[in-house]
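Peer 1: Here it is, the structure, as structure tokens.
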Amino acid sequence: MKELIDLINKAHSIVILTHYSLDGDALGSSLGLALALDYIGKEVTVFLNESIPKSLEFLPGRNLISSNCDKNADLAISLDNSDLKRLGDGADIYAGAKKKINIDHHTTNSMEANSLWIDQNASATGEMVYKLIKAMGIPVSKDIAECLYTAIITDTGGFRYSNTTPDSHIISAELIKCGIPFARIAKKVFDIVSHSKMSLLKKTIQNLTLYCEGKVAVSWLLYDDIYPVNAQSDDYEGLVNVGINLEGVEVSLFIREEEPGRFKGSLRANDYVDVAKIAGKFSGGGHIRAAGFTAAGNPDDIIRRVLDEIKKEL
């Protein structure tokens with residue numbers, strides 16, 4: 001922690017980066033840290049590869065987001081990201097910074113930095129950012145709290161996922177004390193469904209197929225399913241859970257065709273399968289019970305190859 005704080009204190013210009021395919025932890029932890037560093041007078045910007053998902057547009061700190069970032073910043077901080085490639089266009093910004101910090105909680109991480117803080121026991125990067133802000137003596141404002149609470153509840157599924165820890169609840173309680181509208185945040189993140197997502201959800205359920213005596217659920221969306229409804233990145237959030245929530249299922253695989261011939265895969269497990277290990281076979285990664293990967297080719301072939309790896313782990 002002291003090493004991280006020293007690097008931050010010595011830097012004037014700081015760029016915060018996170019992975020593409022934004023989720024609540026990536027954006028919430030990035031904006032929360034940016035607000036804290038802005039408070040102590042740092043010249044801080046947040047670089048994003050895409051527009052903010054509709055379900056996260058309520059988050060404060062959006063004024064600190066910029067596509068025009070210093071490519072020779074004093075310090076680049078990569079949050080919630082385990083692979084340089086997943087920084088997208090931000091990879092060059094990270095590479096060009098004078099100093100680099102990587103803060104992440106994934107079980108697989110190949111990032112290089114002057115200071116690495118990897119905590120696989122943290123349920124969300126937002127928890128780690130909270131601890132960093134407190135260690136720096138920066139007051140946690142209502143805006144910072146709203147960002148970090150969103151980070152934690154999204155990565156714990158509203159405290160329902162197995163990665164939830166006592167710290168998840170303790171830190172969230174401290175954030176709620178800041179006066180955040182926690183019930184409204186949860187409703188925006190989890191409950192409100194766009195018309196485009198409803199169309200994708202219907203198709204995902206329609207395609208759902210069970211394998212291995214009902215222990216594996218597989219579903220998919222093709223490009224022709226996605227393009228006509230003008231789907232946004234947050235419309236895919238939670239679709240993998242259609243399979244994992246089905247009685248008797250241990251592993252859920254969901255793939256979507258982001259562009260013709262290119263697929264993004266999501267894996268979830270309930271009790272004992274390490275899906276990060278499976279995702280790693282396809283140059284992906286993540287957590288023991290939640291992981292992802294990308295693949296190119298025919299969807300039937302991709303599903304078959306992933307199924308073969310799942311069967312080995314069952």
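Peer 1: Would you mind getting me the FRET efficiency between LYS54 and GLU112? Use the beta-carbon distance for r and R0 = 30 Å, nearest 0.05.
Peer 2: In this case the efficiency is close to 0.30.
Peer 1: Taking every eigenvalue of the Cα gyration tensor of the stretch 2-190, multiplying by 5 and rooting it, what semi-axes result, largest first, whole Å?
Peer 2: For the stretch 2-190, the ellipsoid semi-axes come out as 24, 17, 17 Å.
Peer 1: Can you check what the Kirkwood hydrodynamic radius comes to for the stretch 1-44, Cα pairs only, in Å to one decimal?
Peer 2: Result for the stretch 1-44, one decimal place: 11.3 Å.
Peer 1: Over all pairs of distinct alpha carbons, what does the Kirkwood formula give as the hydrodynamic radius of the stretch 92-203, in Å?
Peer 2: 15.8 Å is the Kirkwood radius here.
Peer 1: Now a separate question. If the chain between ASN298 and ASP92 were fully stretched, how many nm would it gain, using 0.36 nm times the residue separation less the Cα-Cα distance?
Peer 2: 71.0 nm
Peer 1: Sticking with this structure for a sec: What FRET efficiency do you get for LYS142 and ILE205 if R0 is 41 Å and r is their Cβ-Cβ distance, rounded to the nearest 0.05?
Peer 2: 0.60
Peer 1: Okay, moving on. Rg and Dmax of the stretch 192-314, Cα atoms, in Å?
Peer 2: 13.4, 38
Peer 1: Taking the beta-carbon count within 10 Å as an exposure proxy, list CYS178, CYS147, CYS212, CYS69 from fewest neighbours to most.
Peer 2: Fewest to most other Cβ atoms nearby, the residues stand as CYS212, CYS178, CYS69, CYS147.
Peer 1: Which is the longest stretch in the chain that no exposed loop site breaks, taking sites as GluC sites (Glu not before Pro) with a DSSP loop state and at most 16 other Cβ atoms within 10 Å?
Peer 2: 113-212
Peer 1: Checking the table LYS203/LYS277; LYS10/LYS71; LYS2/LYS131; LYS142/LYS188; LYS203/LYS281 against a 21 Å threshold on Cα-Cα, which pairs fail?
Peer 2: LYS203/LYS277; LYS203/LYS281
Peer 1: Continuing with this model, one more query. Modelling each spin label as a point 7 Å along the Cα-to-Cβ direction, I'd like the MET198/TYR161 distance in nm, to one decimal.
Peer 2: Spacing of the two 7 Å Cα→Cβ label points: 2.7 nm.
Here, each number is a calculation from the coordinates, and none is a lab measurement. From a predicted model like this one, the values you see are computed outputs, not experimental measurements. Note that each Cβ is placed from the backbone with ideal geometry, even for glycine, and that neighbours are counted across all protein chains shown.
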